[in-house]
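S.K.: This structure is in structure tokens; I'll ask about it shortly.
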Amino acid sequence: MSKKIFVAGHRGMVGAAIMRKLQQRQSFGQDLILLTRTHAELDLTDQGAVREFLQAEQPDTVILAAAKVGGIHANNTYPAEFIYENLMIECNVIHQAYAAGVRRLLQLGSSCIYPRLAEQPMTEEALLTGKLEPTNEPYAIAKIAGIKLCESYNRQYGTDYRSVMPTNLYGPGDNFSVENSHVVPALLRRFHEAARQGADAITIWGSGTPRREFLYVDDMAAASLFVLDLPKSDYDARTNPMLSHINVGTGTDVTIAELAALVADITGFGGQILYDSAKPDGAPRKLMDVSRLATMGWRAQISLRDGLARTYRWFLDQGDTLRA
């Protein structure tokens, strides 16, 4: 019997990477039906539309990779949109999946769920133990709600709804816009343009001292399907009904200054790198403890330099389509 999988957010960076992995499985002979809808075809913030869609299609599995995402600037500028849209997406998809009889669901979250000053590296147990980073608190609260939705439906209804919390992601399909991009695409674009213009210097937001962990999106897709494929007994044995999410990352981090130096090398920028300490740094460090996932049998495969180089090649291949 074929398995019908609904991938919500299949056009996003993570959703597209998951689709690539699932399509590879199809090419290897797995009998999968991959179900997708664009935002124009299905607005996930519309409860009625989501109900109608899931009742009609009756997927066996849902992968919830849809979310409103952005960097520090976007989170500071649009906090209402970030909390509202992400809460609505999670509530609608998770509840209506249950109502349609979907027994297995995977929800993707974010490392920003952890307290700003959480002990490093951050274990799953750090959730709800302190104050969140103010610059992305609305988004973080929405993602915490998603975890608790999954756990609550599991506890009350016996569903098998799982959550994975990735560290900072980057790769093909990333958002390279000037206003709303995350740090990796923002730096790749700025250093690329500075190199092509022959600029003598480039200034980066913040002090350059915060440490961050970065995971290539194809590694995230592989980890997501690994967790989804785990037998329920294995997943339950390594999690807690009220602390069931799993961290996904590399287990290593770099300073923003070290990241900038890598990006400069990859893009061919030879000028000076300056830092504007008047701009916000965000959390001083964000490193995931990935030991839970490692004991389950999965580790990241793609190095930061290799991933950055792949992402930059993809950016160049897109030409002017990403320059707006």
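No lab work stands behind these numbers, since they all come straight from the coordinates. Just so you know, these numbers come straight off a predicted model, no measurement behind them. So basically every Cβ, Gly included, is an ideal-geometry build from the backbone, and we count neighbours across all protein chains shown.
S.K.: What percent of all Cα-Cα pairs in segment 157-196 falls in each 5 Å bin, counting up from 0?
M.R.: Values per bin, smallest distances first: 5, 20, 20, 16, 10, 7, 7, 7, 4, 2, 1, 1.
S.K.: Tell me, what does the Kirkwood hydrodynamic radius of segment 1-86 come to in angstroms if you use every pair of distinct C-alpha atoms?
M.R.: Values: mean 1/r = 0.0700 Å⁻¹.
For segment 1-86, inverting the mean 1/r across all distinct Cα pairs yields 14.3 Å.
S.K.: Quick one: if you take sqrt(5λ) for each eigenvalue of the C-alpha gyration tensor of segment 203-324, what semi-axes come out, biggest first, whole angstrom?
M.R.: Listed largest to smallest, the semi-axes of segment 203-324 are 33, 19, 12 Å.
S.K.: Note down the nm distance, to one decimal, between modelled labels 7 Å out along Cα→Cβ at Ala309 and at Asp265.
M.R.: Output for this residue pair reads 1.0 nm.
S.K.: Another question, if that's okay. Sort the following peptides by mean Cβ neighbour count (other Cβ atoms within 10 Å, averaged over residues), highest first: 293-300, 263-270.
M.R.: 263-270, 293-300
S.K.: I would also like to ask the following. At each listed q (0.16, 0.20, 0.26 Å⁻¹), what is the log10 of I(q)/I(0) that the Debye formula gives for segment 203-260 modelled as equal alpha-carbon point scatterers?
M.R.: Results for segment 203-260 at q = 0.16, 0.20, 0.26 Å⁻¹ read -0.67, -0.82, -1.05.
S.K.: Per residue of the chain, what 222 nm ellipticity follows from adding -39500 (n - 2.57) for every DSSP H run with n ≥ 4, rounded to the nearest 500?
M.R.: Result for the chain, helices only: -13500 deg cm²/dmol.
S.K.: Kindly count the pairs of lysines across the chain whose alpha carbons are less than 18 Å apart, treating pairs on different chains or eight or more residues apart as eligible. Please list the in-between numbers first.
M.R.: Details: Lys3/Lys21; Lys3/Lys232; Lys4/Lys21; Lys68/Lys143; Lys131/Lys143; Lys131/Lys148; Lys131/Lys286; Lys143/Lys286.
Lysine pairs, 8 or more places apart or on different chains, close enough: 8.
S.K.: Give me the net charge for the shell around His245: Cβ to Cβ below 15 angstrom, other residues only, Lys and Arg +1, Asp and Glu -1.
M.R.: -1
S.K.: Could you grab the relative contact order for segment 194-274? Cα pairs under 8 Å, six or more apart, rounded to a whole percent.
M.R.: Averaging sequence separation for qualifying contacts and normalising by length gives 60 percent for segment 194-274.
S.K.: A further question follows. Once Rh is set to the Kirkwood radius over Cα pairs, what Stokes-Einstein translational diffusion coefficient, in µm²/s, holds for segment 1-159 at a temperature of 10 °C and a viscosity of 1.306 mPa s? Spell out each step's value before the answer.
M.R.: On the way: Rh = 16.6 Å.
Answer from the Stokes-Einstein relation: 96 µm²/s.
S.K.: Which percentage, to the nearest 5, of the DSSP beta bridges contained in segment 194-324 is antiparallel?
M.R.: Percent antiparallel among DSSP bridges in segment 194-324 is about 30.
S.K.: Taking the Cα atoms of segment 129-233, what is the range of coordinates along each of the three principal axes, in descending order and whole Å?
M.R.: 60, 31, 22
S.K.: Normalised by the number of residues in the chain, what is the relative contact order in percent for Cα pairs under 8 Å and 6+ residues apart? Mind dumping the intermediate values first?
M.R.: Values: 584 pairs, mean separation 64.0, N = 324.
This gives 20 percent for the chain.
S.K.: Per 10 Å bin, what is the whole-percent P(r) computed from every C-alpha pair distance within the chain?
M.R.: Going from the shortest bin to the longest, the percentages are 6, 26, 36, 23, 8, 1, 0.
S.K.: Quick check: the distance between the Cα centres of segment 41-71 and segment 108-138, to the nearest angstrom?
M.R.: After rounding, the separation between the Cα centres reads 26 Å.
S.K.: Gln26 to Ala80: FRET efficiency via 1/(1 + (r/R0)^6), r the Cβ-Cβ distance, R0 51 Å, to the nearest 0.05?
M.R.: After rounding to 0.05, the efficiency reads 0.80.
S.K.: Can you give the net charge of the other residues whose Cβ lies under 9 Å from the Cβ of Thr255, counting K and R as +1 and D and E as -1? Display every interim value, and only then the final one.
M.R.: Details: positive: Arg211, Arg212; negative: Asp253, Glu258.
Value of the local net charge: 0.
S.K.: Further, regarding this structure: Can you list the DSSP H helices in the chain whose Cα atoms extend at least 27 Å along the helix axis and whose mean Kyte-Doolittle hydropathy is -0.5 or higher?
M.R.: 79-99, 137-157
S.K.: Then there is this: Which translational diffusion coefficient, to the nearest whole µm²/s, is obtained for segment 84-138 from the Stokes-Einstein equation, given a Kirkwood hydrodynamic radius over C-alpha pairs, 25 °C and 0.890 mPa s?
M.R.: 186
S.K.: Please compute the alpha carbon radius of gyration of segment 230-293, then divide it by the globular-protein estimate 2.2 N^0.38 Å. Two decimals is fine.
M.R.: Values: Rg = 18.6 Å, N = 64, 2.2 N^0.38 = 10.7 Å.
My calculation over the Cα atoms of segment 230-293 gives 1.74.
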